[in-house]
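Down below is the structure, laid out as structure tokens.
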Amino acid sequence: MADFSSYKHIVVLTGAGISASAGLRTYRGPDGLWNDPEVAKLNDAFAMAKRRDEVAAMFWKFRRAIAATQPTAAHRALAAFEEKLPAGAELTIITQNIDGLHQAAGNRRVCEYHGSLARWRCDVCKGELSPSPDSETPPTHCNETMRPSVVAFGEMIPVDAERTAKVALRDCDLFVAIGTSGTVSPASSFVRWAALNGAMRVLMNLEIFDGARSEFTYCYEGKADDLVPQFFR
Ligand code: APR
């Protein structure tokens, strides 16, 4: 079994699969959120602009569902691993998830590549708030329904997140992808960026998706809660 403790610049890319055992649905596969066309068509730039109230209601429902969850064993293992890192070593988590569970588990270096449902933005004054999920209805501001600070299809990755990801991948010597289907870019190309550095590349996923065996050095099929604590210890 690969020993991760000798690596200095570790990048972990996570997807919806790492939060599945917390009770949050993934996007694709059986019971995936996007299997429901009514939901899928509310997650793009057009809907964000033209169907704001429906979009906000959908994402607010997700926000409240997330508020009722706890970090999983996999989240906690990554946090404990970061805590024990020797001086000079770093672990950067680049997450596609908008649930904030890595930070809730205690990880410090977390890049929210697709934004976060904890933050909501006002289109009028451009202000950003972290509304309490106790409210039954989505937040409003300047007499308008706010939007979640997440990246919908057709929207740009936030500049800070883009930069953080690029710098972390430029230096990484170990790249680990956990619980992602590798279908959405630019995150799906990170493994190739890591390969440019000659980094060791490991996939941990319930299913090994097409093409993964030629992109990753090692592929481990299984649940994140079983695999992650074994490797990150
Ligand atoms: N442990 C490990 N992997 C799991 C588990 C589990 N318990 N449960 C599911 N998986 C795997 C599935 O096999 C699948 O390959 O997690 C992956 C989840 O894939 P998606 O649902 O496509 O989620 P993700 O890859 O995060 O999606 C990327 O797409 O819809 C957009 O913006 C959204 O960030 C999201 C992006």
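The values are calculated or read from the model by the stated rules, or taken from the named source; none is laboratory data. All values reported here derive from a predicted model rather than from experimental measurement. All Cβ positions, even for glycine, are placed from backbone atoms using ideal geometry, and neighbour counts span all protein chains on display. These accessible areas exclude ligands, DNA and RNA; they are computed on the full protein's heavy atoms, side chains included. Shrake-Rupley method; radii C 1.70, N 1.55, O 1.52, S 1.80 Å.
Looking only at residues in the range 76-109 that are of a type in the set (Asp, Glu) and in a helix (DSSP H, G or I), the one that is farthest from the ligand (Cβ to nearest atom) is Glu83. Within the range 5-13, can one find any residue that is of a type in the set (Val, Ile, Thr), near the ligand (Cβ under 10 Å from one of its atoms) and open to solvent by less than 20 Å² (accessible area, probe 1.4 Å)? No: zero hits. Between Val191, Val167, Val150, the distinction of being β-branched (Val, Ile, Thr), open to solvent by 20 Å² or more (accessible area, probe 1.4 Å) and either farther than 22 Å from Ala80 by Cα or touching a Pro at 6+ places or on another chain (Cβ under 8 Å) (or both) belongs to Val167 only. Considered as a group, the residues in the range 196-233 that are in a helix (DSSP H, G or I) and buried (at least 16 other Cβ atoms within 10 Å of the Cβ) include one that is nearest to the ligand (Cβ to nearest atom), and that residue is Ala224.
The range 23-68 holds helices (runs of 4 or more DSSP H) entirely within its bounds, and those carrying 3 or more residues that are under 17 Å from Asp99 (Cα atoms), more than 13 Å from the ligand (Cβ to nearest atom) and modelled with pLDDT of 95 or more map to 52-67. Name the residues in the range 114-147 that are of a type in the set (S, T, N, Q), open to solvent by 30 Å² or more (accessible area, probe 1.4 Å) and outside any loop (DSSP other than H, G, I, E, B), would you? Scanning the range 114-147 gives Thr140, Thr145. Can Ser185 be described as of a type in the set (Ser, Thr, Tyr), assigned to a loop (DSSP other than H, G, I, E, B), farther than 18 Å from Cys111 by Cβ and within 14 Å of the ligand (Cβ to nearest atom)? Spelling it out, it is not the case that Ser185 is of a type in the set (Ser, Thr, Tyr), assigned to a loop (DSSP other than H, G, I, E, B), farther than 18 Å from Cys111 by Cβ and within 14 Å of the ligand (Cβ to nearest atom). Restricting attention to the range 155-166, does a residue exist that is part of a loop (DSSP other than H, G, I, E, B) and more than 16 Å from the ligand (Cβ to nearest atom)? No, the range 155-166 contains no residue that is part of a loop (DSSP other than H, G, I, E, B) and more than 16 Å from the ligand (Cβ to nearest atom).
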